[in-house]
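J.: I have a structure I would like to understand better, so I am pasting it below and will then ask my questions one at a time.
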Amino acid sequence: MAHGVESRLYRSGEAIVLQGALTRDTVPALYRALLDENVLGCRVVDAGRVTAADSAGVALTESVRLRIARGRGREHEHEVPVLGAPGFLSSALDMYAADSEGGPPPRRTRLLSRTTQTLSGVLRLVREYLQLSADVFTWAAVGLVRRVKRRRGAFVEQCLRIGVDSVVIIGLLSFIIGLILALQSAAQLRQFGANIFVANLLGIAVVREMAPMMTAILVAGRSGSAIASEVATMKVTEELEALTVMGLDPVRYVIVPKLYAITVVMPILVTISMVLSLSGGVVIGMTYLNISPQSFLQQLFSAVAPGETAIALFKSVIFAWQIVIVASFNGFRVKGGAEGVGVVTTAAVVASVFSVIVIDVLFSFLYLT
(Lines give C-alpha, C1' and ligand atoms only; values in the text may rest on other atoms or scores of the structure.)
Protein backbone atom coordinates (compact mmCIF):
# COMPACT_ATOMS: atom_id res chain seq x y z
CA MET A 1 0.00 0.00 0.00
CA ALA A 2 1.11 3.56 -0.79
CA HIS A 3 -0.97 6.71 -0.44
CA GLY A 4 -4.00 4.54 0.24
CA VAL A 5 -4.03 3.00 -3.29
CA GLU A 6 -3.64 -0.74 -3.67
CA SER A 7 -0.88 -1.90 -6.01
CA ARG A 8 -2.45 -3.87 -8.85
CA LEU A 9 -1.88 -5.01 -12.44
CA TYR A 10 -4.91 -5.94 -14.52
CA ARG A 11 -6.37 -5.73 -18.01
CA SER A 12 -8.97 -3.18 -19.02
CA GLY A 13 -10.05 -3.41 -22.67
CA GLU A 14 -6.97 -2.93 -24.85
CA ALA A 15 -4.81 -1.68 -21.99
CA ILE A 16 -2.82 -3.22 -19.18
CA VAL A 17 -3.43 -1.02 -16.14
CA LEU A 18 -0.75 -0.35 -13.53
CA GLN A 19 -2.01 0.97 -10.22
CA GLY A 20 -0.48 2.06 -6.93
CA ALA A 21 3.20 1.93 -5.94
CA LEU A 22 5.61 0.13 -8.26
CA THR A 23 8.49 -0.60 -5.90
CA ARG A 24 10.71 -3.51 -5.13
CA ASP A 25 8.24 -4.61 -2.44
CA THR A 26 5.26 -4.79 -4.78
CA VAL A 27 6.84 -5.61 -8.14
CA PRO A 28 7.28 -9.40 -7.56
CA ALA A 29 3.55 -9.89 -7.02
CA LEU A 30 2.70 -7.57 -9.91
CA TYR A 31 5.07 -9.47 -12.22
CA ARG A 32 3.37 -12.77 -11.34
CA ALA A 33 0.06 -11.13 -12.16
CA LEU A 34 1.51 -10.06 -15.53
CA LEU A 35 2.51 -13.64 -16.31
CA ASP A 36 -1.02 -14.83 -15.54
CA GLU A 37 -2.68 -12.04 -17.58
CA ASN A 38 -3.74 -12.52 -21.20
CA VAL A 39 -2.21 -9.65 -23.18
CA LEU A 40 -3.41 -10.68 -26.64
CA GLY A 41 -5.18 -7.73 -28.23
CA CYS A 42 -3.66 -5.21 -25.83
CA ARG A 43 -2.11 -2.09 -27.38
CA VAL A 44 -1.14 0.31 -24.58
CA VAL A 45 -0.05 0.51 -20.95
CA ASP A 46 -2.18 2.68 -18.68
CA ALA A 47 0.04 4.13 -15.94
CA GLY A 48 -2.27 6.96 -14.87
CA ARG A 49 -2.94 5.38 -11.48
CA VAL A 50 0.71 4.87 -10.50
CA THR A 51 1.52 6.72 -7.28
CA ALA A 52 5.23 5.82 -6.85
CA ALA A 53 7.93 3.94 -8.73
CA ASP A 54 11.55 2.99 -8.33
CA SER A 55 13.93 1.18 -10.70
CA ALA A 56 12.06 -2.08 -10.14
CA GLY A 57 8.84 -0.35 -11.19
CA VAL A 58 10.46 0.98 -14.34
CA ALA A 59 11.67 -2.52 -15.16
CA LEU A 60 8.16 -3.88 -14.62
CA THR A 61 6.68 -1.23 -16.91
CA GLU A 62 9.17 -2.14 -19.64
CA SER A 63 8.36 -5.84 -19.14
CA VAL A 64 4.68 -5.09 -19.68
CA ARG A 65 5.46 -3.13 -22.86
CA LEU A 66 7.70 -5.91 -24.15
CA ARG A 67 5.07 -8.60 -23.56
CA ILE A 68 2.41 -6.55 -25.31
CA ALA A 69 4.75 -5.87 -28.22
CA ARG A 70 5.54 -9.55 -28.67
CA GLY A 71 1.87 -10.41 -28.41
CA ARG A 72 1.31 -8.06 -31.35
CA GLY A 73 4.16 -9.61 -33.34
CA ARG A 74 6.49 -6.67 -32.75
CA GLU A 75 10.16 -6.85 -31.82
CA HIS A 76 10.68 -3.85 -29.55
CA GLU A 77 8.87 -2.65 -26.43
CA HIS A 78 9.28 1.03 -27.40
CA GLU A 79 6.53 0.50 -29.99
CA VAL A 80 3.96 0.22 -27.15
CA PRO A 81 2.91 3.62 -25.69
CA VAL A 82 2.58 4.30 -21.95
CA LEU A 83 -0.43 6.53 -21.28
CA GLY A 84 -0.93 8.86 -18.30
CA ALA A 85 2.43 8.12 -16.72
CA PRO A 86 3.25 10.62 -13.92
CA GLY A 87 6.32 12.80 -14.34
CA PHE A 88 8.68 10.70 -12.24
CA LEU A 89 7.80 7.52 -14.15
CA SER A 90 7.81 9.21 -17.54
CA SER A 91 11.29 10.67 -17.05
CA ALA A 92 12.59 7.32 -15.81
CA LEU A 93 11.21 5.58 -18.91
CA ASP A 94 12.83 8.23 -21.13
CA MET A 95 16.18 7.60 -19.48
CA TYR A 96 15.77 3.87 -20.03
CA ALA A 97 14.96 4.45 -23.70
CA ALA A 98 18.05 6.64 -24.10
CA ASP A 99 20.24 3.88 -22.68
CA SER A 100 18.83 1.36 -25.16
CA GLU A 101 18.85 3.45 -28.33
CA GLY A 102 20.73 0.68 -30.08
CA GLY A 103 17.36 -0.93 -30.72
CA PRO A 104 16.54 -4.60 -30.67
CA PRO A 105 19.28 -7.18 -30.92
CA PRO A 106 19.95 -8.21 -34.52
CA ARG A 107 18.44 -11.40 -35.73
CA ARG A 108 20.76 -14.32 -36.22
CA THR A 109 21.87 -14.67 -39.78
CA ARG A 110 20.19 -17.65 -41.30
CA LEU A 111 22.04 -20.45 -43.03
CA LEU A 112 20.85 -19.47 -46.51
CA SER A 113 21.90 -15.86 -45.93
CA ARG A 114 25.34 -16.89 -44.70
CA THR A 115 25.76 -19.25 -47.64
CA THR A 116 24.76 -16.50 -50.07
CA GLN A 117 27.24 -14.08 -48.51
CA THR A 118 30.01 -16.67 -48.70
CA LEU A 119 29.30 -17.48 -52.34
CA SER A 120 29.14 -13.78 -53.15
CA GLY A 121 32.55 -13.26 -51.55
CA VAL A 122 34.04 -16.21 -53.44
CA LEU A 123 32.62 -14.99 -56.75
CA ARG A 124 34.00 -11.52 -56.09
CA LEU A 125 37.47 -12.94 -55.45
CA VAL A 126 37.28 -15.07 -58.60
CA ARG A 127 36.25 -12.03 -60.65
CA GLU A 128 39.10 -9.93 -59.24
CA TYR A 129 41.56 -12.77 -59.86
CA LEU A 130 40.45 -13.15 -63.47
CA GLN A 131 40.69 -9.39 -63.99
CA LEU A 132 44.26 -9.38 -62.69
CA SER A 133 45.15 -12.38 -64.85
CA ALA A 134 43.75 -10.64 -67.92
CA ASP A 135 45.74 -7.49 -67.13
CA VAL A 136 48.96 -9.44 -66.59
CA PHE A 137 48.74 -11.43 -69.82
CA THR A 138 47.56 -8.41 -71.82
CA TRP A 139 50.49 -6.26 -70.68
CA ALA A 140 52.86 -9.21 -71.16
CA ALA A 141 51.71 -9.59 -74.78
CA VAL A 142 51.97 -5.83 -75.35
CA GLY A 143 55.44 -5.79 -73.81
CA LEU A 144 56.70 -8.31 -76.35
CA VAL A 145 55.81 -5.88 -79.14
CA ARG A 146 56.37 -2.48 -77.53
CA ARG A 147 59.28 -2.07 -75.16
CA VAL A 148 58.29 1.27 -73.71
CA LYS A 149 57.95 2.11 -70.02
CA ARG A 150 59.99 -0.89 -68.95
CA ARG A 151 62.73 -0.93 -66.34
CA ARG A 152 66.12 -1.66 -67.80
CA GLY A 153 67.63 -4.82 -66.43
CA ALA A 154 64.41 -5.86 -64.65
CA PHE A 155 64.15 -9.11 -66.60
CA VAL A 156 67.73 -10.17 -65.88
CA GLU A 157 67.41 -9.16 -62.24
CA GLN A 158 64.29 -11.30 -61.80
CA CYS A 159 65.91 -14.25 -63.58
CA LEU A 160 68.76 -14.10 -61.10
CA ARG A 161 66.42 -13.86 -58.10
CA ILE A 162 63.95 -16.53 -59.16
CA GLY A 163 66.20 -18.86 -61.12
CA VAL A 164 69.88 -18.70 -60.22
CA ASP A 165 69.33 -18.25 -56.50
CA SER A 166 67.07 -21.33 -56.46
CA VAL A 167 69.37 -23.73 -58.26
CA VAL A 168 71.25 -24.94 -55.18
CA ILE A 169 68.23 -25.77 -53.02
CA ILE A 170 66.28 -27.32 -55.90
CA GLY A 171 69.28 -29.36 -57.10
CA LEU A 172 70.15 -30.63 -53.64
CA LEU A 173 66.60 -31.67 -52.75
CA SER A 174 66.05 -33.22 -56.17
CA PHE A 175 69.15 -35.39 -55.83
CA ILE A 176 68.11 -36.51 -52.34
CA ILE A 177 64.57 -37.32 -53.43
CA GLY A 178 65.93 -39.27 -56.40
CA LEU A 179 68.04 -41.32 -54.00
CA ILE A 180 65.06 -41.97 -51.73
CA LEU A 181 62.69 -42.96 -54.55
CA ALA A 182 65.23 -45.28 -56.14
CA LEU A 183 66.15 -46.86 -52.81
CA GLN A 184 62.55 -47.50 -51.79
CA SER A 185 61.71 -48.90 -55.22
CA ALA A 186 64.80 -51.10 -55.28
CA ALA A 187 63.98 -52.59 -51.87
CA GLN A 188 60.76 -53.98 -53.34
CA LEU A 189 61.73 -54.82 -56.91
CA ARG A 190 64.90 -56.72 -56.04
CA GLN A 191 62.78 -59.34 -54.24
CA PHE A 192 61.40 -60.33 -57.65
CA GLY A 193 64.63 -59.96 -59.60
CA ALA A 194 63.33 -56.86 -61.36
CA ASN A 195 66.17 -54.54 -60.46
CA ILE A 196 66.38 -52.96 -63.87
CA PHE A 197 62.78 -51.73 -63.69
CA VAL A 198 63.81 -49.24 -61.02
CA ALA A 199 64.84 -47.03 -63.95
CA ASN A 200 61.32 -47.24 -65.41
CA LEU A 201 59.62 -46.41 -62.15
CA LEU A 202 61.99 -43.58 -61.28
CA GLY A 203 61.88 -42.07 -64.75
CA ILE A 204 58.10 -41.97 -64.97
CA ALA A 205 57.68 -40.69 -61.40
CA VAL A 206 60.31 -37.97 -61.71
CA VAL A 207 59.53 -36.74 -65.21
CA ARG A 208 55.75 -36.83 -64.93
CA GLU A 209 55.20 -35.68 -61.38
CA MET A 210 58.02 -35.18 -58.92
CA ALA A 211 60.33 -32.80 -60.77
CA PRO A 212 57.69 -30.28 -61.99
CA MET A 213 55.61 -30.31 -58.84
CA MET A 214 58.51 -30.27 -56.37
CA THR A 215 60.20 -27.42 -58.25
CA ALA A 216 56.95 -25.45 -58.38
CA ILE A 217 56.36 -25.90 -54.65
CA LEU A 218 59.89 -24.76 -53.82
CA VAL A 219 59.60 -21.75 -56.12
CA ALA A 220 56.18 -20.92 -54.64
CA GLY A 221 57.60 -20.97 -51.13
CA ARG A 222 60.73 -19.05 -52.02
CA SER A 223 59.89 -16.67 -54.87
CA GLY A 224 56.09 -16.56 -54.50
CA SER A 225 56.39 -15.27 -50.96
CA ALA A 226 58.97 -12.70 -52.07
CA ILE A 227 56.68 -11.43 -54.84
CA ALA A 228 53.68 -11.19 -52.52
CA SER A 229 55.61 -9.35 -49.81
CA GLU A 230 57.20 -6.98 -52.35
CA VAL A 231 53.86 -6.03 -53.92
CA ALA A 232 52.18 -5.74 -50.51
CA THR A 233 54.96 -3.53 -49.16
CA MET A 234 54.77 -1.30 -52.23
CA LYS A 235 51.05 -0.90 -51.71
CA VAL A 236 51.36 -0.19 -47.99
CA THR A 237 54.03 2.45 -48.63
CA GLU A 238 51.91 3.87 -51.50
CA GLU A 239 54.59 3.20 -54.11
CA LEU A 240 51.99 1.64 -56.41
CA GLU A 241 49.92 4.83 -56.23
CA ALA A 242 53.04 6.82 -57.03
CA LEU A 243 53.61 4.71 -60.15
CA THR A 244 50.03 5.36 -61.23
CA VAL A 245 50.50 9.11 -60.74
CA MET A 246 53.61 8.97 -62.92
CA GLY A 247 51.61 7.26 -65.68
CA LEU A 248 53.05 3.78 -65.11
CA ASP A 249 50.72 0.82 -64.77
CA PRO A 250 51.76 -1.16 -61.63
CA VAL A 251 50.95 -4.48 -63.28
CA ARG A 252 53.08 -3.72 -66.32
CA TYR A 253 55.92 -2.15 -64.37
CA VAL A 254 56.12 -4.58 -61.42
CA ILE A 255 54.46 -7.88 -62.33
CA VAL A 256 55.18 -8.42 -66.03
CA PRO A 257 59.00 -8.61 -65.63
CA LYS A 258 58.51 -11.29 -63.01
CA LEU A 259 56.21 -13.19 -65.36
CA TYR A 260 58.78 -13.06 -68.16
CA ALA A 261 61.56 -14.22 -65.84
CA ILE A 262 59.73 -17.11 -64.23
CA THR A 263 58.46 -18.28 -67.63
CA VAL A 264 62.06 -18.63 -68.80
CA VAL A 265 63.68 -20.04 -65.68
CA MET A 266 61.02 -22.51 -64.53
CA PRO A 267 61.57 -25.05 -67.37
CA ILE A 268 65.32 -24.77 -66.78
CA LEU A 269 64.88 -25.44 -63.06
CA VAL A 270 62.62 -28.41 -63.80
CA THR A 271 65.20 -29.81 -66.21
CA ILE A 272 67.89 -29.48 -63.54
CA SER A 273 65.59 -31.20 -61.07
CA MET A 274 64.98 -34.07 -63.49
CA VAL A 275 68.67 -34.57 -64.20
CA LEU A 276 69.73 -34.55 -60.57
CA SER A 277 66.83 -36.74 -59.42
CA LEU A 278 67.69 -39.32 -62.06
CA SER A 279 71.36 -39.01 -61.10
CA GLY A 280 70.38 -40.06 -57.61
CA GLY A 281 68.71 -43.11 -59.16
CA VAL A 282 71.86 -43.92 -61.10
CA VAL A 283 73.88 -43.82 -57.88
CA ILE A 284 71.51 -46.26 -56.18
CA GLY A 285 71.54 -48.49 -59.25
CA MET A 286 75.33 -48.65 -59.22
CA THR A 287 75.84 -49.11 -55.48
CA TYR A 288 72.80 -51.09 -54.38
CA LEU A 289 71.59 -52.97 -57.47
CA ASN A 290 74.83 -53.48 -59.39
CA ILE A 291 73.37 -51.88 -62.52
CA SER A 292 75.79 -50.08 -64.80
CA PRO A 293 75.05 -46.45 -65.68
CA GLN A 294 74.73 -47.38 -69.36
CA SER A 295 72.08 -50.04 -68.67
CA PHE A 296 70.24 -47.77 -66.29
CA LEU A 297 70.08 -44.87 -68.76
CA GLN A 298 69.15 -47.16 -71.67
CA GLN A 299 66.22 -48.56 -69.69
CA LEU A 300 65.29 -45.05 -68.56
CA PHE A 301 65.13 -43.61 -72.09
CA SER A 302 63.06 -46.56 -73.27
CA ALA A 303 60.51 -45.95 -70.51
CA VAL A 304 60.17 -42.17 -70.77
CA ALA A 305 58.87 -40.84 -74.08
CA PRO A 306 59.98 -37.40 -75.30
CA GLY A 307 56.36 -36.27 -75.28
CA GLU A 308 56.16 -36.77 -71.52
CA THR A 309 59.16 -34.52 -71.02
CA ALA A 310 57.54 -31.86 -73.20
CA ILE A 311 54.31 -32.08 -71.18
CA ALA A 312 56.29 -31.76 -67.95
CA LEU A 313 58.04 -28.62 -69.19
CA PHE A 314 54.77 -27.15 -70.42
CA LYS A 315 53.20 -27.95 -67.07
CA SER A 316 56.03 -26.14 -65.32
CA VAL A 317 55.24 -22.97 -67.30
CA ILE A 318 51.60 -23.14 -66.18
CA PHE A 319 52.80 -23.57 -62.60
CA ALA A 320 55.06 -20.54 -63.02
CA TRP A 321 52.27 -18.30 -64.26
CA GLN A 322 49.99 -19.44 -61.48
CA ILE A 323 52.61 -18.69 -58.82
CA VAL A 324 53.21 -15.14 -60.07
CA ILE A 325 49.54 -14.26 -60.46
CA VAL A 326 48.47 -15.75 -57.12
CA ALA A 327 51.33 -14.01 -55.30
CA SER A 328 50.57 -10.68 -56.99
CA PHE A 329 46.85 -11.03 -56.34
CA ASN A 330 47.41 -11.52 -52.63
CA GLY A 331 49.92 -8.66 -52.54
CA PHE A 332 47.44 -6.24 -54.10
CA ARG A 333 44.81 -7.23 -51.48
CA VAL A 334 46.93 -6.24 -48.47
CA LYS A 335 45.27 -4.26 -45.69
CA GLY A 336 46.96 -2.61 -42.75
CA GLY A 337 50.67 -2.34 -42.15
CA ALA A 338 53.41 -4.85 -41.46
CA GLU A 339 50.97 -7.37 -40.02
CA GLY A 340 48.91 -7.24 -43.22
CA VAL A 341 52.03 -7.88 -45.30
CA GLY A 342 52.74 -11.01 -43.27
CA VAL A 343 49.17 -12.22 -43.62
CA VAL A 344 49.03 -11.89 -47.41
CA THR A 345 52.50 -13.42 -47.79
CA THR A 346 51.39 -16.52 -45.89
CA ALA A 347 48.14 -16.64 -47.86
CA ALA A 348 50.06 -16.36 -51.13
CA VAL A 349 52.30 -19.32 -50.33
CA VAL A 350 49.39 -21.51 -49.21
CA ALA A 351 47.25 -20.59 -52.22
CA SER A 352 50.14 -21.09 -54.65
CA VAL A 353 51.00 -24.55 -53.32
CA PHE A 354 47.33 -25.53 -53.32
CA SER A 355 46.79 -24.32 -56.89
CA VAL A 356 49.94 -26.11 -58.06
CA ILE A 357 48.66 -29.40 -56.67
CA VAL A 358 45.21 -28.89 -58.21
CA ILE A 359 46.70 -28.11 -61.62
CA ASP A 360 48.96 -31.16 -61.33
CA VAL A 361 45.90 -33.33 -60.70
CA LEU A 362 44.28 -31.95 -63.85
CA PHE A 363 47.40 -32.73 -65.87
CA SER A 364 47.46 -36.24 -64.41
CA PHE A 365 44.15 -36.91 -66.14
CA LEU A 366 45.80 -35.94 -69.44
CA TYR A 367 48.21 -38.84 -69.02
CA LEU A 368 45.24 -41.20 -68.61
CA THR A 369 43.37 -40.01 -71.70
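The values are calculated or read from the model by the stated rules, or taken from the named source; none is laboratory data. Keep in mind the model is a prediction, meaning the values are calculated, not measured. Reconstructed Cβ throughout: ideal geometry from the backbone, glycine too, with neighbour counts over all protein chains shown.
J.: Scan region 298-341 residue by residue and report those that are surrounded by fewer than 18 Cβ atoms within 10 Å (Cβ to Cβ) and in a loop (DSSP other than H, G, I, E, B).
T.: Result: A305, K335, G336, G337.
J.: Within region 16-44, which residues are in contact (Cβ under 8 Å) with a residue 24 or more places away in the chain, in a helix (DSSP H, G or I), surrounded by fewer than 17 Cβ atoms within 10 Å (Cβ to Cβ) and not hydroxyl-bearing (S, T, Y)?
T.: A33 - this is the single residue of region 16-44 that is in contact (Cβ under 8 Å) with a residue 24 or more places away in the chain, in a helix (DSSP H, G or I), surrounded by fewer than 17 Cβ atoms within 10 Å (Cβ to Cβ) and not hydroxyl-bearing (S, T, Y).
J.: In addition: If you go through region 45-66, how many residues are surrounded by fewer than 19 Cβ atoms within 10 Å (Cβ to Cβ) and under 14 Å from Y10 (Cβ atoms)?
T.: Qualifying residue count, region 45-66: 2.
J.: For region 68-112, give me the residue count where each residue is at pLDDT 75 or above and farther than 24 Å from E37 by Cβ.
T.: Our first condition is that a residue be at pLDDT 75 or above; within region 68-112, this holds for 68-71, 80-95.
Filter once more, keeping what is farther than 24 Å from E37 by Cβ: 87-88, 91, 94-95.
Going through region 68-112 one residue at a time, the tally reaches 5.
J.: Out of all the residues in region 135-177, which are in a loop (DSSP other than H, G, I, E, B), under 19 Å from E230 (Cβ atoms) and without any contact (Cβ under 8 Å) to a residue 12 or more places away in the chain?
T.: Once the filter is applied, which keeps residues that are in a loop (DSSP other than H, G, I, E, B), under 19 Å from E230 (Cβ atoms) and without any contact (Cβ under 8 Å) to a residue 12 or more places away in the chain, region 135-177 yields R152, G153.
J.: Pick out the one residue from V156, V207, V219 that is within 37 Å of the chain's Cα centre (by Cα), within 20 Å of F296 (Cβ to Cβ) and assigned by TED's automatic domain parsing to the domain that holds F354. Give the steps one after another, and end with the answer.
T.: Working: V156 fails: within 20 Å of F296 (Cβ to Cβ); V219 fails: within 20 Å of F296 (Cβ to Cβ).
The conditions single out V207.
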